[in-house]
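Below is one structure, written out as structure tokens; comments come after it.
The values are calculated or read from the model by the stated rules, or taken from the named source; none is laboratory data. Keep in mind it's a predicted model, so treat the numbers as computed, not measured. Reconstructed Cβ throughout: ideal geometry from the backbone, glycine too, with neighbour counts over all protein chains shown.
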Amino acid sequence: MIKRIFHWGPIVAFGIIKIVSWTTVRCTILWLPCMESIFGFVNAIIFFGLAFLTIYNFLCSIIIGPGFVPFQWKPIKREDERYLQFCISCNGFKAPRSHHCRKCGRCVLKMDHHCPWINNCVGHFNHKYFVLFLFFAICGSIHSCILLILTMYKFVTSNLYYIKGLTTPVKLSLTWFILCIFSIGITLGIFFALSFLLYIQIKSILRNCTGIEDWIIEKAEERRNNDPTIPSFVYPYDLGWKENMYMVFRNYSADGITWKIKEGCSEYDLTIEQLKQKELKKLRKKQFKVIKKYSGAIFPLVNGVCVPLRPPCPTESRMPLNVDEIILVTKYQKYWLFGEKYNKNVNRNKGWFPKSCVIPFTEYQDSEPGSKINKKEL
């Protein structure tokens, strides 16, 4: 658990909270001491309350975690195994709504996404704390921003009035002046970034859906648009917004494996759709040969100007490449490709890499996991 906290994400987050909080307190007491007026006392209570709730929910998101599928997990009924994907890394089946996180190295219960700021996945058990962290962080940033802007206003105007002998000036040293301006910028950045993320999270919670499941639903609709003969897909976990909210914020007894489903649906409807999409994904695989080495950098500067300016999601993995390797590509962007390769131990290596590093390669047929991709040793 200590490793979870001592990571660049939580460390930077705590650093930002500390700088903004300390700057706000130090600047505000110059004109609104907490013990000299009721308004100052109430302001201090609200400020420290929001700071405490932000840090508390942030730590809970890290420490409690999303919950993981037990190693070598199997469904109770053996015949249900055919509806589930098998995870080679965890040596067990993926429970409904679970997905394997390469960064955590485990299958995560109701995985939404992996968040580098908490150095953990957002999933079944910590989804509530993550959303509350976003909410209180936004409220705290608004409060701090208002206090800091008022401090700057009083710093400028009080000195003007002091020249006329009308008031006592609010004094800020150059260091605190810079910190005040910096903190205002940070709080505004936090407000806009976290508000957008909170909007996405609330939107997902109201439909009892995760970010990954949104992607599955989108592909399910695309699959049916391409083939109208396929029966329509009904998302089985949307129980109405009230019940969906309850599932996240109040359903303490849920184990993350067994879920309530919509009437007329099966508990394996989503996993069956995933298996069918996986079959289509195999058919769409194309082989590429590596002609230029790639280190796995998130923003490579040696692959052209457009490549680092148009990257895929920064939280998704990058896959280092060596010349003459064969890659099976499954996702395509203008400047990036997503693919996988297999080593001698049949362990999958997946990730994004620049499109300029590879060329189409059709000498050998597509291979299944565990088989040789070509005659050469990769």
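Just one of Asn57, Asn91, Asn119 is in contact with a helix residue (DSSP H, G or I) (Cβ under 7 Å, 6 or more places away or on another chain) and not assigned by TED's automatic domain parsing to the domain that holds Phe182; which is it?
Numbers: Asn57 fails: not assigned by TED's automatic domain parsing to the domain that holds Phe182; Asn91 fails: in contact with a helix residue (DSSP H, G or I) (Cβ under 7 Å, 6 or more places away or on another chain).
The match here is Asn119.
Which of (1) within 22 Å of Met111 (Cβ to Cβ); (2) surrounded by 13 or more Cβ atoms within 10 Å (Cβ to Cβ) is the odd one out, the single condition Pro300 does not satisfy?
Unmet condition: (1).
Restricting attention to the stretch 218-238, report how many residues are hydrophobic (A, V, I, L, M, F, W, C) and surrounded by 16 or more Cβ atoms within 10 Å (Cβ to Cβ).
Going residue by residue through the stretch 218-238, those that are hydrophobic (A, V, I, L, M, F, W, C) are 220, 230, 233-234.
Of the ones still in play, those that are also surrounded by 16 or more Cβ atoms within 10 Å (Cβ to Cβ) are 220, 233.
Within the stretch 218-238, residues that are hydrophobic (A, V, I, L, M, F, W, C) and surrounded by 16 or more Cβ atoms within 10 Å (Cβ to Cβ) number 2.
Pick from Tyr364, Tyr342: which is out of contact with any Phe, Trp or Tyr (no Cβ under 8 Å at 6 or more places or on another chain), at pLDDT below 70, crowded, with 18+ Cβ neighbours inside 10 Å and hydroxyl-bearing (Ser, Thr, Tyr)?
Values: Tyr364 fails: crowded, with 18+ Cβ neighbours inside 10 Å.
Among Tyr364, Tyr342, only Tyr342 is out of contact with any Phe, Trp or Tyr (no Cβ under 8 Å at 6 or more places or on another chain), at pLDDT below 70, crowded, with 18+ Cβ neighbours inside 10 Å and hydroxyl-bearing (Ser, Thr, Tyr).
Given the criteria outside the structural domain of Ile138 (by TED's automatic domain parsing) and modelled with pLDDT of 95 or more, does Trp73 qualify?
On the way: outside the structural domain of Ile138 (by TED's automatic domain parsing): yes; modelled with pLDDT of 95 or more: yes.
It is true that Trp73 is outside the structural domain of Ile138 (by TED's automatic domain parsing) and modelled with pLDDT of 95 or more.
Exactly one of these conditions fails for Glu79: (1) part of a helix (DSSP H, G or I); (2) under 30 Å from Ile184 (Cβ atoms). Give me its number.
Just one mismatch for Glu79, condition (2).
Looking for something closer than 30 Å to Asp227 by Cα and of a type outside the set (Val, Ile, Thr) - is there at least one such residue anywhere in the stretch 292-307? Let's see the steps before the verdict.
Step one: of the stretch 292-307, the residues closer than 30 Å to Asp227 by Cα are none.
Looking for residues that are closer than 30 Å to Asp227 by Cα and of a type outside the set (Val, Ile, Thr), one finds none in the stretch 292-307, hence no.
Every residue, every condition in (1) buried (at least 18 other Cβ atoms within 10 Å of the Cβ); (2) in contact (Cβ under 8 Å) with a residue 12 or more places away in the chain; (3) not charged (D, E, K, R), yes or no:
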residue	(1), (2), (3)
Cys90	yes, yes, yes
Lys110	yes, yes, no
His127	yes, yes, yes
Ser144	yes, yes, yes
Ser173	no, no, yes
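Say we look at the stretch 22-39 and pick out the residues that are surrounded by fewer than 16 Cβ atoms within 10 Å (Cβ to Cβ) and under 24 Å from Val156 (Cα atoms); which of these is modelled with the highest pLDDT?
Ranking the qualifying residues of the stretch 22-39, first place goes to Trp22.
May I ask you to list the residues in the stretch 227-254 that are assigned to a loop (DSSP other than H, G, I, E, B), without any contact (Cβ under 8 Å) to a residue 24 or more places away in the chain and of a type outside the set (Ser, Thr, Tyr)?
Of the stretch 227-254, the ones assigned to a loop (DSSP other than H, G, I, E, B) are 227-240, 250-254.
Next cut, without any contact (Cβ under 8 Å) to a residue 24 or more places away in the chain only: 227-232, 240, 250-253.
Scanning the stretch 227-254 gives Asp227, Pro228, Ile230, Pro231, Gly240, Arg250, Asn251.
Among the strands (runs of 3 or more DSSP E) lying completely within the stretch 93-152, list those that include at least 3 residues that are closer than 21 Å to Leu198 by Cα. Walk me through it before giving the result.
Working: elements: 99-101, 106-108, 113-115, 120-122.
So the answer is 113-115, 120-122.
Run Arg4 past the list (1) at pLDDT 95 or above; (2) within 26 Å of the chain's Cα centre (by Cα) and report the number of the one that doesn't hold.
It fails just one condition, (1).
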